[in-house]
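All remarks here apply to the structure that follows.
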Amino acid sequence: MTTAKARYVMVGGFLGAGKTTSILRLAEWLTSRGLRVGLVTNDQGGRLVDTALAAAHHMPVEEIVGGCFCCRFTSLVEAAESLVRETAPDVLVAEPVGSCTDLVATVTLPLEQIYGDRFTVAPMSVVVDPLRAERVLGLSAAKLSEHVGYIYRKQLEEAEIIVINKCDLVDASRLDHLRAALAAVNPRAAILECF
Ligand SMILES: Nc1nc2c(ncn2[C@@H]2O[C@H](COP(=O)(O)OP(=O)(O)OP(=O)(O)O)[C@@H](O)[C@H]2O)c(=O)[nH]1
Ligand SMILES: [Mg+2]
């Protein structure tokens, strides 16, 4: 299973969608199967909660502060290379800040094109909170601000995999409607569900 090139896995999604929870679960699952995992966290400010959480789970972690991955690409590559040097991870899992978008154009593609000899880039996942997604997609009476709706849709549109998270919060019928609405926004994405 161990590969020479680290696999770069980026798990995006709007604020509070459940990215860190999912990433830590994924990291533990990979670790239990004998793979080494490194994490990269991101925030606009300093002192990341996500970094502290990752460290508490005994995961090697690097953080990018003061800007999104999309405008700190060099820092992101340096962080990934530092993890590779220090812990030789099989898988690098990166969590961009929840308000960031255009990550495929600004991170996935340059990483493939410029650093493809060092990293294998996995499809971009976008984690979705079903209650917030219902509001953005007009499936619920409660609306969100136009600005939030714009970013949210951009994130969905660029996803290669959409992961509906927190499925415990909605019943099967709401889940069916949400799946259909997500597929209408992005017909190319694989849509997965998790709890
Ligand atoms: N009900 C439910 N809650 C969940 C689930 N997964 C995560 N949460 C909760 O959702 C909240 C946000 O989870 P995080 O993993 O911190 O989300 P995030 O996307 O990393 O958040 P930011 O980094 O702040 O954007 C936390 O209170 C989690 O406990 C789930 O499957 N079901
Ligand atoms: Mg987080």
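The values are calculated or read from the model by the stated rules, or taken from the named source; none is laboratory data. Keep in mind that this is a model prediction, so the values were computed, not measured. Counting neighbours? That spans all protein chains shown, and the Cβs are built from the backbone with ideal geometry, glycine included. Ligands, DNA and RNA are excluded from the accessible area calculation, which covers all protein heavy atoms including side chains. Shrake-Rupley method; radii C 1.70, N 1.55, O 1.52, S 1.80 Å.
Can you classify region 125-195 as rounded, prolate or oblate using the Cα gyration tensor, where a ≥ b ≥ c are the square roots of its eigenvalues, rounded means a/c under 1.5, and otherwise it's prolate if a/b beats b/c and oblate if not?
Taking the square roots of the gyration eigenvalues as a ≥ b ≥ c, region 125-195 is oblate.
Suppose the Debye formula is applied to equal point scatterers at every Cα of region 49-195; what is log10 I(q)/I(0) at q = 0.13, 0.16 Å⁻¹?
-0.67, -0.96
Of the heavy-atom accessible surface of region 52-163 (probe 1.4 angstrom), what whole percent is carbon and sulfur?
Result for region 52-163: 54 percent of the exposed heavy-atom area is carbon or sulfur.
Work out from phi, with θ = phi - 60° and the Karplus expression 6.51 cos²θ - 1.76 cosθ + 1.60, the ³J(HN,Hα) of each residue of region 160-169, listed in order in whole Hz, and give x for Gly and Pro.
9, 10, 9, 10, 7, 9, 6, 5, 5, 8
For Ile191, which sequence-distant residues (separation of 5 or more, or a different chain) have an amide H within less than 5 Å of its own amide H, given hydrogens modelled in the peptide plane?
It is Ile162, by chain and number.
Just to be sure I understand the model, the point goes 7 Å from the Cα along the line to the Cβ. What's the resulting Ser82 to Glu193 distance in nm?
Here the answer is 4.1 nm between the modelled labels.
From a point 7 Å beyond the Cα of Glu112 in the direction of its Cβ, which residues of region 134-173 have a backbone N at a distance under 13 Å?
Counting backbone N atoms under 13 Å from the label point, the list is 159-161.
Please work out the average accessible area per residue across the chain, using the 1.4 Å probe convention, and give it in Å².
Normalised by residue count, the accessible surface of the chain is 49 Å².
From the phi angles alone, apply the Karplus equation (6.51, -1.76, 1.60; θ = phi - 60°) to region 121-133 and give each ³J(HN,Hα) in whole Hz, x where the residue is Gly or Pro.
Once rounded to whole Hz, the list reads 9, 7, x, 6, 9, 10, 8, 10, 7, x, 5, 5, 4.
In terms of modelled amide H atoms, which long-range or inter-chain residues lie less than 5 Å from the amide H of Leu39?
For Leu39, the qualifying residues are Val61, Glu62, Val93.
Full extension from Ala4 to Lys154: what is 0.36 nm times the residue separation minus their Cα-Cα distance, to one decimal in nm?
Full extension of this stretch gives 50.7 nm more.
Within a Cβ distance under 11 Å of Gly149, other residues only, what is the Lys/Arg minus Asp/Glu net charge?
Neighbour charge sum, excluding Gly149 itself: +4.
Within a Cβ distance under 15 Å of Asp171, other residues only, what is the Lys/Arg minus Asp/Glu net charge?
-1
Take the chain, mark every one of the trypsin sites (Lys or Arg not before Pro) that falls in a DSSP loop and has at most 10 other Cβ within 10 Å, then report the longest stretch left between them, sites excluded.
Free of exposed loop sites, the longest segment is 48-187.
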